2 protein chains.
Amino acid sequence: MDRVRPRRADARRNAALLLAAAREVFAEQGTDAPLDEIARRSGVGNATLYRHFPDRRELIIAVYAEEVTELCDRGRALLDENPPGEALATWLAGFVTHVATKRQLATAIHDDRAGQRAALFGGWHDSMRATVSALLERAQRAGDVRTDVTAADLLALAHAIALAGADADQAGRLLELARHGMDNP
Amino acid sequence: MDRVRPRRADARRNAALLLAAAREVFAEQGTDAPLDEIARRSGVGNATLYRHFPDRRELIIAVYAEEVTELCDRGRALLDENPPGEALATWLAGFVTHVATKRQLATAIHDDRAGQRAALFGGWHDSMRATVSALLERAQRAGDVRTDVTAADLLALAHAIALAGADADQAGRLLELARHGMDNP
């Protein structure tokens, strides 16, 4: 056991270094970036990279999963922020940025096994939905957001805005528009 | 002159019959539908079809242009409807339906000559923008819609909603959400 523990800790540390490097390199050069460059930047070497992530797809999935986890963590943290309606809007803005900027990662996860891609994205979508539901319910209880707004519709609208091909400025304005509506108060 | 006039009227009538048939057939069978079927249904014969529309692309462009013209005509008619905010919302709902249902027509207009597609869609976009601008300005003058909302943002948001892959029910709800906002009034 004493010999296994440090090795597990090493493995976790290496995986974290590889993921951090992969995020950087994919963001800079796209998902076709050379894996050698990722190994080099992580400082752990090619053999370790291939042991952790047997192919590019596994690495892309791990990077994407980490992004989703962070987005959900941020959502949990926002459950302590006030006002609750503002916390929900902040999370949605982060979600729009995630979808707009991580689009290449998402499309690079090809369906190499029947239904696996759908299962992955289904799971991620459920996590996002749970996150936004908690923020929405809290904002609705506080009276900040109308009670007829649903989590599914908010995610769909934020997703649509992210994919509208708008730049970050316009995406921000469209989200504000969805938040405050067209109606003159 | 006397001999030319009736021929021109005939040509206009034939083109209108062909376009009406093409709209029906494309809507039922998609843009790959047999042109023979369109000629048959219009009652004008294949030779007339090919004289008016030398290839499928010309016919698709004509059908799409007619849809845009109708949408803009409806917008002009709505300038007499009240309340102005409701008239704008009605037009936007029609625009969402247009984008969602005419998507196959739009993608079937390939770019066979450099920049021609961009010029066509640029012109159609300008017409739509002029239409929504007139409805928006009227609704803003009437105090129905916030003055910081722009025509470009409204079109972008409605376009995003139409392409969100939502069914007609969800698209309607998302448009209502954009209209009234998330804020609890």
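The values are calculated or read from the model by the stated rules, or taken from the named source; none is laboratory data. What you see is a predicted model, and the numbers here were worked out from it, not measured in a lab. Methodologically, a virtual Cβ is constructed for each residue, glycine included, from the backbone with ideal geometry; neighbour enumeration extends over all protein chains shown. Just the protein is used for accessible areas: all its heavy atoms, side chains included, with ligands, DNA and RNA removed. Shrake-Rupley method; radii C 1.70, N 1.55, O 1.52, S 1.80 Å.
Counting Cβ atoms of other protein chains within 10 Å of each Cβ in A:169-176 and taking the mean gives 3. In the frame of its principal axes, the stretch A:42-185 has Cα extents of 60, 33, 31 Å, reported largest first.
Once the Cα atoms of helix B:4-29 and of chain B are each reduced to a long axis, what angle between those two axes, in degrees from 0 to 90 to the nearest 10, is obtained? Tilt relative to chain B: about 60 degrees. Rounded, prolate or oblate for the stretch B:1-123? Axes are the square roots of the Cα gyration tensor eigenvalues, ordered a ≥ b ≥ c, and the cut-off for rounded is a/c under 1.5. Since a/c reaches 1.5 and a/b is larger than b/c, the shape of the stretch B:1-123 is classed as prolate. In chain B, the beta-carbon sitting nearest the axis that superposes B on A belongs to the residue given here with its distance in angstrom, B:181, 1.
Could you tell me how many degrees, from 0 to 90 and to the nearest 10, lie between the Cα long axis of helix A:116-141 and the main elongation axis, the longest principal axis, of the Cα atoms of chain A? Roughly 40 degrees between the two axes. Which shape class applies to the stretch A:79-162: rounded if a/c is under 1.5, otherwise prolate when a/b exceeds b/c and oblate if not, where a ≥ b ≥ c are the square roots of the Cα gyration tensor eigenvalues? In terms of gyration-tensor shape, prolate.
A point 7 Å from Cα along Cα→Cβ stands in for residue A:168, and the other copies hold the same point at 4.0 nm, listed in rising order.
Per-residue surface analysis assigns residue B:120 an accessible area of about 40 Å², computed on protein heavy atoms at 1.4 Å probe radius.
Ascending distances from the residue A:94 label point to its copies in the other chains, with the point 7 Å along the Cα-to-beta-carbon line: 4.3 nm.
Comparing the full protein assembly with the isolated chain (1.4 Å probe, heavy atoms, ligands and nucleic acids excluded), the residues of the stretch A:146-160 losing at least 20 square angstrom of accessible area are A:146, A:149, A:153, A:154, A:156, A:157, A:160.
Taking every C-alpha pair closer than 8 Å and separated by at least 6 residues, the mean separation divided by the residue count of chain B gives a relative contact order of 21 percent. Mind pulling the angle between the C-alpha long axis of helix B:151-163 and the longest principal axis of chain B? Nearest 10 degrees, somewhere in 0 to 90. So the inclination is approximately 70 degrees. Counting only protein heavy atoms and a probe of 1.4 Å, the accessible surface of the stretch A:1-135 is 52% carbon and sulfur. Solvent exposure of the stretch A:30-116 amounts to 50 Å² per residue of accessible area, where only protein heavy atoms count and the probe is 1.4 Å.
The stretch B:10-48 and the stretch B:109-185 have their alpha-carbon centroids 30 Å apart.
Sorted from nearest, the other copies put their residue A:12 label points 8.0 nm away, the label point being 7 Å from Cα in the direction of Cβ. Take the accessible area of A alone and of B alone, subtract that of the pair with a 1.4 Å probe, and the total buried over both chains is about 2600 Å². Oblate is the label for the protein assembly as shown. Its Cα gyration tensor axes, ordered a ≥ b ≥ c, give a/c of at least 1.5 and b/c at or above a/b. What is the local net charge at residue A:130, summed over the other residues whose Cβ is closer than 12 Å to its Cβ (Lys, Arg +1; Asp, Glu -1)? Once positives and negatives cancel, what remains is 0.
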